[in-house]
Structures are given as C-alpha cells and as structure tokens.
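Q: Okay, handing you the structure first.
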Amino acid sequence: MRRTAGSSRRSPTRALSAAVCAATLLVTAAGCGDDGSAADGDGSTTVRLGFSAWPGWFPWQVAQEQGLFEANGVDVELTYFDSYTDSLTALATGNLDANSQTLNDTLSSVSGGATQTVVLVNDNSTGNDQIIAAPGIDSVADLAGKRVAIEEGTVDHYLLLLALAEAGLSADDVEISPLLTDAAAAAFLAGQVDAVGAFAPFTTTALGREGSRAIATSAEHPGAIPDHLVFDSAFVAAHPEQVQAVVDTWFDTLGWIADNPDEAVEIMAAQAGVSVEDYRTYDAGTTIFDLADNQAAFAPGDTPANLDFQARSIAEFLVATGLVDEAPPLDGLLDGQFVAAVSP
C-alpha cells in the first residue's frame, strides 16, 4: 500500500547492498554496479523502479505497456508492490534503484541514515487522502474518544494529526487502531472502528459503509502530501543519463495519456483493481504535476508550493510527533536538474 514511514527502518550499509547484489547475481545471473544497481550483460544499467497503489503512480504502468521507457533509451525493470511498505524497504535495502513514494516517507528514511534524492514530483494529493467517519460523527472534533483505524506513520496518519491539531485535539484524544491501510478500510466497512484514515483506492472501500463520509481530506492542506520519484543518491551520481531518461519518460507518458485518455484510464484502473468509473472519481483528488508544475515546485521558496518549504515543515512535524528520532539532513535531498533539463 502507499505510504508508510517508520523510524525503525535504517538505511543499508555498503556490505548489505553488496549482499543483496550477490543474492541477485545467484538468482538471475545478472551483475551489479558499484552503486548496487543491476547491470546487464552488455554493460548497460537497468533501472529497477518500484510503484504501488496510488493514482499518481499508475501512469508508470502506462509507460511500460506503451513502450515509452524504451522510446527514451532506458531499460526499466518496473515492479508493482501490493504493499507500499515493502517498496520503501526495497529502496532502502538496495533492491530498487528508484521508488514512487511520499516526501514524508523519504524524510523518514533519510532521518534513519538513507541517502535518497527526489528528482520528480508525480503529484500532490488534493483530496484522495481522507479521514472517513461513521454516521453521527460530523466533524474532526467529534472524534474525541473514538476509535480510528490508521496505518501508523503514513501520510494519512500525518493528515489525521494535522486535522486533530486544527480541531484543538491531539493523538491522545483518540484511540488509534493500528492496521495496514487495506485492513483499516475493511475494518471500518465492517463497523469495527469509528473512523479510518485511507487513500484512494481504499477510500472507495471505506465509503461503502452506509452513511459514512469524509470529515477531513488532503484538499484542506494544500501541498502537505506530495508524491515523488525518489532515487538512491548513489545511483543518481553514477547514472545521471538513466535518471534523465526516466524523468523524460514521465512527461512523455503524461502526453500519451492526454492523447489517449480512455485507453490510459483502462490501463490504470486495471492495475488498481477498480472499475474505470471508480478510477475516474480519483482524478480531482490527485493533481498530476506537469513540467511547469515540477519546475516551480523545485524552485526555492517559502510557500507550501515549494518543496524545500514542505521538506522543512514535514521534518519539523515528524520530530515533534515522535515519528522520527531526529530531523533528517536536507542537503542533497531535492535535485531539480532533471526536470530543468526536460524540453518543453
């Protein structure tokens, strides 16, 4: 599932990366580069890219099925993770070169010692992260004393804490039922908890409970939940051409989707495991970032639209809420050179 961050995760040592590489060599007879990346027999580098269940990341499936990676001259091994947490772990342990993940989770990994670099903004959540409540709970203030199912450390946990603070409450005022997001949505649907924090497509499951409704969404906190393409920093340093080709592919994919909207939605809905009709409802809740949006986001500034501002704000929040032990270093976290190099 999308979005898990835990301060217990630690970055891999070079020895662990080498061990993972050796295991991969035994299983696949492929080599690894000095940075731990997979190397093809002809010496070229394969980019191992992960993604999971989130509307802003399903365009990668379109890129693969339409041959757009190949069109940009990059060999990509695209892996879909049923568990978002597993995708985070795969990047942190050297089993991926790049992953689709939130800024919150990237900062959590970096605070634990990982070296990761954000090279692209896929989207901002603008409503597809929701706190959904049972009938009779009409506001966030009404959550006091209620049971809320949430995947702890996720951005939906972050959204819950933001909403509680806005209502004059804290995490101590609710009873947290820690569950993975799919299980949390199912528990809410079954009436086992009073509210749930979830992201699309699991919001569709939760809203299947009669009389339920969203009492807080990411639309009320602009820029707070950005989603990114994140590379292992050593891979960026060693293979900037491949990174550029993947970034170029993102924008080519957006162009293909714009030209072929019906076919694109069918591909993305199939990967999401939902109907085309349900998938279309996610559009308004996820703002996909085009080239101009990306270039503006990477520009330094002091507004929620600027990634450096959001990184500082999220880092402070993660420390204040105890989700990480110490503030992550932000130097080298954001690298806008690749979106800057894309031709309009």
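Q: So is Pro344 under 20 Å from the mean Cα position of the chain (by Cα) and not in a helix (DSSP H, G or I) or not?
A: Here the answer is no, as Pro344 does not meet what is asked.
Per-residue answers, yes or no, for (1) among the aliphatic types (A, V, I, L, M); (2) touching a helix residue (DSSP H, G or I) at 6+ places or on another chain (Cβ under 8 Å); (3) under 25 Å from Phe188 (Cβ atoms); (4) modelled with pLDDT of 95 or more:
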site	(1), (2), (3), (4)
Ser100	no, yes, no, yes
Leu107	yes, yes, no, no
Val119	yes, yes, no, yes
Asn128	no, yes, yes, no
Ala133	yes, yes, yes, yes
Ile137	yes, yes, yes, yes
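Q: Still on this model: In the list Asp302, Asp262, Asp248, which residue meets the criterion of being in a helix (DSSP H, G or I), in the same structural domain as Gly50 (by TED's automatic domain parsing) and surrounded by fewer than 21 Cβ atoms within 10 Å (Cβ to Cβ)?
A: From the options Asp302, Asp262, Asp248, the qualifying one is Asp262.
Q: State which residue is nearest to Ser218 (Cα to Cα) when the search covers only segment 149-179 and only residues that are touching a residue at least 40 places away in the same chain (Cβ under 8 Å) and β-branched (Val, Ile, Thr).
A: Val155
Q: Sticking with this one: Considering only segment 321-341, state which residues are within 20 Å of Ala98 (Cα to Cα), over 20 Å from the mean Cα position of the chain (by Cα) and part of a loop (DSSP other than H, G, I, E, B).
A: Selection gives Asp331, Ala341.
Q: Moving on. Residues in segment 269-304 that are over 24 Å from Ala224 (Cβ atoms) and touching a helix residue (DSSP H, G or I) at 6+ places or on another chain (Cβ under 6 Å): how many?
A: 4
Q: Tell me, which helices (runs of 4 or more DSSP H) lie completely within segment 50-169 with 2 or more residues that are within 15 Å of the chain's Cα centre (by Cα) and assigned by TED's automatic domain parsing to the domain that holds Asp290?
A: Hits in segment 50-169: 59-65, 84-92, 103-111.
Q: How many residues, within segment 226-245, are surrounded by fewer than 18 Cβ atoms within 10 Å (Cβ to Cβ) and at pLDDT below 95?
A: Result for segment 226-245: 0.
Q: Hey, another quick one. Give the residues of segment 199-225 that are over 25 Å from Leu179 (Cβ atoms) and buried (at least 18 other Cβ atoms within 10 Å of the Cβ), sorted by residue number.
A: If the condition is that a residue be over 25 Å from Leu179 (Cβ atoms) and buried (at least 18 other Cβ atoms within 10 Å of the Cβ), then Gly223 is the only one that fits.
Q: Those residues that are at pLDDT 95 or above and either within 20 Å of Ser218 (Cβ to Cβ) or of a type in the set (Phe, Trp, Tyr) (or both), I need them from segment 180-199; list them, please.
A: Once the filter is applied, which keeps residues that are at pLDDT 95 or above and either within 20 Å of Ser218 (Cβ to Cβ) or of a type in the set (Phe, Trp, Tyr) (or both), segment 180-199 yields Ala184, Ala185, Phe188, Ala195, Val196, Gly197, Ala198.
The values are calculated or read from the model by the stated rules, or taken from the named source; none is laboratory data. Note that the structure is predicted; figures quoted are calculated from it, not measured. Positions of Cβ are generated from backbone atoms using ideal geometry, with glycine treated the same way; all protein chains shown enter the neighbour counts.
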